[in-house]
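First comes the structure, then the notes that go with it.
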Amino acid sequence: MDWLDRLADLISGNKIAIGKWVEVVVGWITDNLGWLFDALSSGLGFLVDNTVWLLSLVPALLLIPAICAIGYRLHRSWFLVAGIAAGLLLILNLGFWSETLETLVLVLYATLFSLLIGIPLGIYAARRPLFYRGLQPVLDMMQTLPTFVYLIPTLILFGLGSVPGLISTVIFAVPQPIRLTHLGITSVPKPLVEAGEAFGATRRQLLWKVEIPHALPTIMAGVNQTIMMSLSMVVIATLVGAGGLGVPVIRALSSVNIAQGFEAGLAIVIVAILMDRILKRPAPGTKTKGR
């Protein structure tokens with residue numbers, strides 16, 4: 001059908017210059033707000049690099065018991081402590097301790113910034129359904145857009161190093177706390193809210209005394225999802241200069257080193273499992289050993 005071919009040629013021949021528009025916007029930001037992004041890059045880089053430096057001053061055989069103590073304090077489980085110790089000692093044995101520290105710092109800061117942005121935004125979206133409807137396509141795009149695409153503007157704006165990796169990780173992970181905070185707040189039973197209102201609670205009191213306590217398990221699920229999303233960006237962030245366990249993975253890929261690639265991947269898996277177990281909130285009504 002010639003008319004269909006002509007119609008297809010007409011559509012493809014009149015391309016909408018979306019990419020050019022984005023390029024113009026990024027160029028304008030670079031020219032006019034470069035000083036702001038330079039300051040952010042310096043500040044965040046200083047924070048990340050010095051945190052890694054401080055942790056590296058602590059001998060591994062002292063830091064591992066400290067992490068085990070945190071795990072026991074949170075869960076009162078000797079089984080978990082044994083798992084933490086075994087996993088971290090294996091990473092030390094494989095020779096990836098310094099890379100693991102860099103990954104931990106990057107993931108922890110990415111998670112912190114994602115939660116600081118995501119939880120308040122999720123609460124606001126739960127109060128404003130129309131706002132959340134408009135926000136949903138943006139959240140979908142942030143998680144489905146290939147990460148290599150937004151590595152380019154972050155690299156241009158923040159330069160090479162750990163900062164563009166951190167910013168890209170936050171962009172990729174922040175939809176999780178927004179969605180799950182919104183879900184938790186909107187899932188609070190109406191009779192519970194009405195009972196609070198009947199007792200004269202203000203909107204702020206309802207939020208802190210009724211809605212957030214009820215939504216906390218869902219919000220904590222969002223915290224765990226944020227950590228997992230951040231860890232999934234470890235290798236990608238390495239491509240823009242961030243350190244961590246992604247570095248040996250990229251080196252193994254470039255040299256087709258199966259052994260190094262498997263060991264580095266195993267270290268990433270261990271970090272993911274340990275962070276998930278340590279930060280997971282115990283289910284309501286469960287008793288932890290030692291209490």
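The values are calculated or read from the model by the stated rules, or taken from the named source; none is laboratory data. Only a predicted model underlies this, so the values are computations on that prediction, with no experimental measurement involved. Glycine gets a Cβ as well: all are built from the backbone with ideal geometry, and neighbour counts include every protein chain shown. SASA here: full protein model, heavy atoms, side chains in, ligands and nucleic acids out. Shrake-Rupley method; radii C 1.70, N 1.55, O 1.52, S 1.80 Å.
The Kirkwood hydrodynamic radius of region 100-235, based on inverse pair distances between different Cα atoms, is 15.9 Å. Name the residue from VAL210, SER42, VAL269 whose Cα lies farthest towards the positive end of the charge dipole of the chain, charges +1 on Cβ of Lys and Arg and -1 on Cβ of Asp and Glu. Of the options given, the answer is VAL210.
Volume per residue of the convex hull around the Cα atoms, evaluated for region 174-291, comes out as 146 Å³. Residue ranking by accessible heavy-atom surface, 1.4 Å probe, largest first, among SER41, SER12, SER230 comes out as SER12, SER41, SER230. Counted by Cβ distance under 14 Å from GLY261, the other residues give a net charge of -1, where Lys and Arg count +1 and Asp and Glu count -1.
Mean-square fluctuations from a GNM of the chain, with a 10 angstrom spring cutoff on Cα atoms, peak among SER254, SER42, SER77 at SER254. Taking Lys and Arg as +1 and Asp and Glu as -1, the other residues whose beta-carbon sits under 12 Å from that of LEU121 total +3. The simple spin-label model puts a point 7 Å past each Cα toward its Cβ; for ALA17 and LEU92 those points are separated by 5.9 nm. If every alpha-carbon in the chain counts as one equal scatterer, what log10 I(q)/I(0) does Debye give at q = 0.10 1/Å? Normalising to I(0) and taking log10 leaves -0.69. When the Gaussian network model of the chain links Cα atoms closer than 10 Å, the mean-square fluctuations of VAL22, VAL52, VAL174 top out at VAL22. More than 20 angstrom separation, counting every C-alpha pair in region 158-229; what % is that? Here the tail beyond 20 Å accounts for 45 percent of pairs. Here's how it looks for GLY161: its modeled amide H is under 5 Å from those of GLY241, ALA242, which are all 5 or more places away or on a different chain. Considering only VAL149, LEU54, ALA221, and ranking their Cα positions along the charge dipole of the chain that arises from unit charges at the beta-carbon of Lys, Arg, Asp and Glu, the one farthest toward the positive end is ALA221.
Normalised by residue number, the volume inside the convex hull of the Cα atoms of region 1-95 is 265 Å³ per residue.
Centroid-to-centroid, using Cα positions, region 32-83 and region 102-149 are 22 Å apart.
Using a probe of 1.4 angstrom and keeping all protein chains present, the accessible surface of the chain works out to 58 square angstrom per residue.
Ligands, DNA and RNA left out, the 1.4 Å accessible surface of the chain is 70% carbon and sulfur atoms. The 3J(HN,Hα) values that the Karplus relation (6.51, -1.76, 1.60; θ = phi - 60°) gives for region 66-75 are, in residue order, 5, 5, 4, 5, 5, x, 5, 5, 7, 10 Hz. Gly and Pro appear as x. P(r) tail for region 132-196: Cα pairs beyond 19 Å make up 48% of the total. Distance between the modelled labels on HIS214 and LEU54, one decimal in nanometres: 3.9 nm (7 Å Cα→Cβ projection).
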